Amino acid sequence: MAAIAPNDLSNWWMPFSDNRYFKANPRLLVAAKDMHYTAADGRRILDGTAGLWCVNAGHGRDAIVAAIQHQAATLDFAPTFQLGHPLAFQLAARLAGIMPDGLDRIFFTNSGSESVDTALKIALAYWRARGQGQRTRLIGRERGYHGVGFGGISVGGIVTNRRAFGPGLPGTDHLPHTHDLARNAFSRGQPAHGAELADRLEAMIALHGADTIAAVIVEPLAGSTGVLVPPAGYLERLRAITAAHGILLIFDEVISGFGRLGAATAAERLGVTPDMMCLAKGLTNAAVPMGAVAVARPVHDGIVDAAGDAPGIELFHGTTYAAHALACAAGIAALDLYAAEGLFARARAVEGLWEAALHDLAGLPHVIDIRNFGLVAGIELAPRPGAPGARGQEIFRAMFDAGLLIRVTGDIIALSPPLIISEGQIGEICALLRQGLQQLA
Ligand SMILES: Cc1ncc(COP(=O)(O)O)c(C=O)c1O
């Protein structure tokens with residue numbers, strides 16, 4: 001057995017990380033409370049990203065901590081295959097209560113990636129149960145991020161996440177992305193141009209035949225690719241086309257759910273209801289890993305009722321930790337906290353201030369776009385010639401050293417602070433960014 005040195009950084013192969021750089025220049029977080037992390041050197045870091053778009057109520061909230069502690073001491077784990085525990089049913093009912101009308105059947109998972117692959121599998125199973133098993137085609141979108149499962153990367157549209165992993169699922173196709181700097185740069189809220197990009201779906205339907213297409217999946221607001229706000233009218237059009245052809249529409253709301261856009265879901269904020277919704281992250285305020293798929297009643301019934309009177313499992317899918325007792329306790333406490341503090345409405349209330357403060361950074365060196373919606377913003381920087389992504393990494397590191405956590409994708413800065421952010425802290429984020437951008441080569 002190899003001897004393992006204390007404080008050795010070599011054993012943990014870190015996800016989505018430059019392991020060699022990190023291990024030469026480690027940045028460790030050791031504690032968190034409300035709007036701040038504490039770094040290993042004792043510095044307080046203002047959290048401009050709610051962790052990874054997930055700690056929507058802020059860190060270390062007492063009610064969530066207490067709920068997890070209590071649950072761990074009461075019922076740590078219960079199997080959920082052919083057995084149940086009360087909190088899972090309670091959380092499902094609570095979640096159904098904040099979903100758009102009709103999406104009231106809840107399948108629990110452990111992550112956003114699992115939610116996506118679950119929704120895709122439910123779509124396939126639904127059509128098969130309906131006697132249309134030839135509907136197997138799944139349509140995603142360029143620049144889409146749907147996690148890291150084989151289903152998610154197949155419908156996803158980020159080349160680096162696909163390239164090394166083979167051909168993926170057969171029979172996928174991709175709508176064009178909606179990023180259009182020429183027409184929409186410096187938009188406040190939803191950009192005016194691009195609704196017509198949804199019409200590409202009509203061309204795909206003409207090419208493949210609607211009766212081969214199981215589902216279309218999109219993020220209402222694309223986050224990980226660098227904050228792409230849906231053009232006005234775009235999602236409405238996708239909904240109209242999918243409905244006209246009987247194709248299921250899946251919203252991946254792993255980022256946009258739980259108040260991020262000033263409502264429980266993007267679907268609610270934008271008034272467009274999908275047939276399934278993928279959730280995770282803010283579901284438990286990220287205190288315990290958990291995801292979920294909210295499923296429209298006819299889709300659920302189409303699978304469960306199709307089993308008829310024959311006893312037996314209707315959907316051969318699920319994971320050991322789905323509806324984990326600790327996650328359910330955290331989820332109920334998080335939903336209670338969001339409601340008690342009115343945090344979804346709060347995000348909506350500070351959106352104007354957030355927008356104005358961010359757009360004040362226009363004109364700084366290298367800034368070619370600023371975009372925002374809800375409590376999300378993207379700041380796109382011109383790539384350094386011959387070194388795309390270098391400016392992004394430099395501003396990330398400079399901000400961390402200055403006491404601000406931001407997220408970067410290539411040369412795009414993404415901001416998504418906890419919904420409890422104060423007006424002063426919005427000012428602080430913008431002041432630190434201003435300073436950093438002025439100094440960026
Ligand atoms: C839209 C979307 N879908 C899926 C995922 C994957 O979630 P997870 O990392 O929990 O698997 C993410 C993660 O950022 C996401 O933003």
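The values are calculated or read from the model by the stated rules, or taken from the named source; none is laboratory data. All values reported here derive from a predicted model rather than from experimental measurement. In this analysis, Cβ positions are derived from the backbone assuming ideal geometry, glycine residues included, and neighbour counts consider all displayed protein chains.
Points to keep in mind about this one:
- Looking across region 210-224, the residues that are of a type outside the set (A, V, I, L, M), within 15 Å of the ligand (Cβ to nearest atom) and in contact with a strand residue (DSSP E or B) (Cβ under 6 Å, 6 or more places away or on another chain) come down to GLU219, PRO220.
- Only one entry of ASP309, ASP275 meets the criterion of being away from the ligand (no atom under 16 Å from the Cβ), crowded, with 23+ Cβ neighbours inside 10 Å and in the same structural domain as VAL216 (by TED's automatic domain parsing), and that entry is ASP275.
- Flag if ARG162 is within 16 Å of the ligand (Cβ to nearest atom), assigned to a helix (DSSP H, G or I) and either assigned by TED's automatic domain parsing to the domain that holds PHE251 or modelled with pLDDT of 95 or more (or both): yes
- Members of region 237-271 that are in a strand (DSSP E or B), within 13 Å of the ligand (Cβ to nearest atom) and either surrounded by fewer than 22 Cβ atoms within 10 Å (Cβ to Cβ) or without any contact (Cβ under 8 Å) to a residue 40 or more places away in the chain (or both): PHE251
- Here GLY378 qualifies as over 30 Å from VAL65 (Cα atoms), in contact (Cβ under 8 Å) with a residue 12 or more places away in the chain and not aromatic (Phe, Trp, Tyr).
- Strands (runs of 3 or more DSSP E) contained in region 42-156 and holding at least 1 residues in the same structural domain as PHE400 (by TED's automatic domain parsing): 44-47
- Among the criteria (1) buried (at least 22 other Cβ atoms within 10 Å of the Cβ); (2) touching a Lys or Arg at 6+ places or on another chain (Cβ under 6 Å); (3) closer than 22 Å to ASN56 by Cβ, the one ILE421 does not fulfil is (2).
- Checked against the criterion of being of a type in the set (A, V, I, L, M) and within 13 Å of the ligand (Cβ to nearest atom), the candidates ILE122, ILE153 yield just one match: ILE153.
- Close pairs (6 angstrom Cβ cut-off, 6 or more residues apart or separate chains): buried (at least 23 other Cβ atoms within 10 Å of the Cβ) in region 219-236, among the acidic types (Asp, Glu) anywhere: GLU219/ASP252
- Selection status of ARG188, away from the ligand (no atom under 16 Å from the Cβ), in the same structural domain as ASP117 (by TED's automatic domain parsing) and farther than 30 Å from GLY131 by Cβ: yes
- Matching residues in region 381-423 - criterion: being in contact (Cβ under 8 Å) with a residue 60 or more places away in the chain, farther than 18 Å from ALA185 by Cα and either part of a strand (DSSP E or B) or outside the structural domain of TRP354 (by TED's automatic domain parsing) (or both): LEU404, LEU405, ARG407
- Tally of residues being closer than 22 Å to ILE68 by Cα and more than 16 Å from the ligand (Cβ to nearest atom) across region 281-306: 0
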